[in-house]
Amino acid sequence: KLPPYQGGGEMIENVSFEKTTVERPPLKFEAGTPDYIATTGLAKALDYVTALGMDNITRHEKELTAYAVGKMMAIDGMKIFGIDGSKPVTENVLRNHDAVISFQLRDIHHMDMGTLLDRLGIAIRTGHHCAQPLMNRLNVLGTSRASFALYNTTEEIDALVAGIERISKMF
C-alpha cells in the first residue's frame with residue numbers, strides 16, 4: 001500500500017481514500033499549474049525596464065506629459081483636470097502629475113470624444129475611471145483620459161491633439 005500523497009505548493013494538503021484535506025489560504029486557492037509562461041514574460045519585462053532605468057522612464061513620461069499638456073491647453077475650450085490653466089506648463093506644475101491626462105473639451109460628451117478618436121486610430125479611455133464619487137462631487141459626467149508610457153512618442157501626442165482639434169470642429 002502506498003502512503004498518502006504529500007504534495008507541495010498546491011491546493012491539496014493530503015489525499016487518501018479515507019480523507020482529503022485542503023491547504024490553508026492562500027494555497028488552497030492556487031489550483032493547477034503555475035503560470036510559468038507569464039512569470040517568464042514578467043522576468044523579461046523587468047529585465048527590459050531595468051536596462052532602460054526607472055529614472056529614464058520617469059523622465060521620458062514627464063517630458064511627454066509636459067508636451068501633451070502644453071499642446072492640449074492651446075485647444076480652445078480645453079479643460080485638463082488637475083492642471084491650473086492659468087499657469088505656464090512647467091516641470092513645477094507637473095511635479096506631482098503622472099503621465100495621465102483627464103480632459104474635457106467644451107460640452108463634447110466623453111463617449112463621443114473616445115468613439116471619434118477611436119475612428120481615427122487613437123485609443124483613449126472614457127468615463128468615470130473608478131472615481132464616480134469624485135466626478136459626482138465635481139458635477140462632471142465623465143472625462144476623456146489619455147495616458148503615456150515609455151513606448152509613446154511626441155508624434156503620437158501630435159496625432160492625439162490633431163484628432164481632438166478635428167473633433168472640436170465637428171461640434
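The values are calculated or read from the model by the stated rules, or taken from the named source; none is laboratory data. Since we're looking at a predicted model, the values are computed, not measured. In this analysis, Cβ positions are derived from the backbone assuming ideal geometry, glycine residues included, and neighbour counts consider all displayed protein chains. In case anyone asks, the SASA skips ligands and DNA or RNA and just uses the protein heavy atoms, side chains included. Shrake-Rupley method; radii C 1.70, N 1.55, O 1.52, S 1.80 Å.
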(request) Return yes or no: is K62 touching a helix residue (DSSP H, G or I) at 6+ places or on another chain (Cβ under 9 Å), at pLDDT 80 or above and assigned to a helix (DSSP H, G or I)? (result) yes
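Matching residues to (1) exposed (fewer than 12 other Cβ atoms within 10 Å of the Cβ); (2) of a type in the set (S, T, N, Q); (3) assigned to a helix (DSSP H, G or I):
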residue	(1), (2), (3)
H97	no, no, no
I108	no, no, no
H129	no, no, no
R137	yes, no, yes
L141	no, no, no
S144	no, yes, no
I157	no, no, yes
A162	no, no, yes
E165	no, no, yes
(request) Please specify each residue of region 57-73 satisfying the condition of being touching a residue at least 24 places away in the same chain (Cβ under 8 Å) and open to solvent by 60 Å² or more (accessible area, probe 1.4 Å). (result) Y67, K71
(request) Could you please find all residues in region 14-32 being open to solvent by 80 Å² or more (accessible area, probe 1.4 Å) and either assigned to a helix (DSSP H, G or I) or modelled with pLDDT of 95 or more (or both)? (result) F29
(request) Only residues that are modelled with pLDDT of 75 or more and farther than 20 Å from L141 by Cα: list them for region 85-104, please. (result) H97, D98, A99
(message) Going residue by residue through region 33-46, is there one that turns out to be modelled with pLDDT under 85, farther than 22 Å from S147 by Cα, part of a loop (DSSP other than H, G, I, E, B) and open to solvent by less than 60 Å² (accessible area, probe 1.4 Å)?
(response) no
